[in-house]
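Chemist: The following block contains the structure, expressed as structure tokens.
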Amino acid sequence: MTTPLYQTYARYDIAFERGEGAYLFDTDGRQYLDFATGIAVNALGHAHPKMVEALKRQAERLWHVSNLYHIPEQERVAAKLTANSFADAVFFCNSGAEAVETGLKTVRRFHHEAGSPQRWRIVTVEGAFHGRTLAELAAGRQEKHMAGFGPIVDGFDQVPYGDLEAMKKAVTDETAAILVEPVQGEGGVHPMPPGYLKALRGIADAEGILLFYDEVQTGMGRTGKLFAHEWDDVPPDVMAVAKALAGGFPVGACLASAKVAGAMSAGSHGSTFGGNPLAMAVAESVLDTMLEEGFLDNVQRIAGLMNQRLGAIADAHPGVIEEVRGLGLLIGLKCVVPAGDVIDALREDGLLTVGAAENVVRFLPPIIIDESQVDSAVQILDGVCGRLGGSSA
Ligand SMILES: *Cc1c(COP(=O)(O)O)cnc(C)c1O
């Protein structure tokens, strides 16, 4: 197909015209169970009534004014984020990339203001994905993302996954922060090993450097807690969130403790669109929904069920699925057969999923799914596994 678009995406030959809850409908009217959720974005599913109502109401009042003025909607969302996290202050932007970039600038600026401007380097973990800005390519260090975009931005060091000795060695008197995803998403759905975040916190405190979490994918209920690091009970100093923050309306946020955020004084950073009233209205409706009594308990319950059922499918089809891993509803199926074949077959049978590195199929269902939708997905997967080489469960 010739198109006036950049050819940066290898798109599936499919287009959607409507979504409702966990379902998407394509231009031929075919229904799909959406366990891709726009890559962990539509956490509350499609056309959630509260989000639609919030968007409509705000659309008729005010869309955009810029950050030249106070934005009360922004104050409200920030107050809810800080009341429910380690953070004291929030900077709003429009994407995961900008949220991480804000964090990168924040940790450098913190040391600059603290009289240690030589601390500017950031240590990351192999397999990481932190976005597509030039600095984030250097942070993630994936050959396939960096090719042709050199020279690579300086100031990033990387250590093997889970290797605390290597981390200790990589932290020098030039280090500003350690940046890590509590669960690597794009990298193949790798939760950090037990005790790892706690050890990183110890290293950061001992060395006087900052701990920076990229929760762009893991945040906003995906793992059954509002933020994934709550499972370890190890708070960071800085955190980036985005994907599900407004459930499909583009928004990102960088959260920080007071001492760190204080380094970002007037004029040090900015965004024209960041945190505009329209985005904030939707983000507030998402937060309000996720913070309702029992909501996250229910996510944990359905995640437990989903993982149990997927484990049984993997056991029944060892020739197709090697391992089920992840946290909550960020689930990776490490495949024996090519993951792309599994994704294609699932899609043909009406279930949308996403690939990840290391031959992994990601299941990223809306976190509002019910038991019958889990059943449907598992049934489709069982059928696909049967066809692709295993015996039936
Ligand atoms: C998606 C993602 C990003 C980048 O977000 P964009 O909105 O695509 O810029 C950064 N970090 C992680 C962990 C992500 O999953």
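Chemist: Separation between the TYR9 and GLU323 pseudo-spin-labels, each 7 Å from Cα along Cα→Cβ, expressed in nm?
Modeler: In this crude label model, TYR9 to GLU323 measures out at 3.1 nm.
Chemist: Then there is this: Which of the DSSP-defined H helices in the chain satisfy a minimum axial length of 24 Å, computed from C-alpha atoms, and a minimum mean Kyte-Doolittle hydropathy of 0.0?
Modeler: 295-316, 371-388
Chemist: If the elastic network links every pair of Cα atoms under 10 Å, which of GLY115, GLY275, GLY202 fluctuates the most in the Gaussian network model of the chain?
Modeler: In the Gaussian network model the winner is GLY115.
Chemist: Determine Rg/Rh for the chain; Rg is computed over alpha-carbon atoms and Rh is the Kirkwood hydrodynamic estimate from the same atoms.
Modeler: 0.96
Chemist: Got a sec? How would ARG108, ARG347 order by Cβ neighbour count within 10 Å, fewest to most?
Modeler: Least crowded to most crowded, the residues run ARG347, ARG108.
Chemist: Cα-Cα pairs above 29 Å in the stretch 41-195: how many percent?
Modeler: 32 percent
Chemist: Per-residue ellipticity at 222 nm for the chain, helices alone: DSSP H runs ≥ 4 residues times -39500 (n - 2.57), over residue total, nearest 500 deg cm²/dmol?
Modeler: -11000 deg cm²/dmol
Chemist: So, R0 is 45 Å and r is the distance between the beta-carbons of HIS112 and LYS56; what FRET efficiency does that work out to, to 0.05?
Modeler: 0.55
Chemist: For a quick check: sort LEU55, LEU305 by the number of other beta carbons within 10 angstrom, fewest at the front.
Modeler: Neighbour counts put them in this order, fewest first: LEU305, LEU55.
Throughout, read-outs are computed from the coordinates displayed, never taken from laboratory work. Note that the coordinates shown come from a computational prediction; the quantities given were computed from them, not determined experimentally. Neighbour counts run over all protein chains shown; Cβ positions are idealised from the backbone, glycine included.
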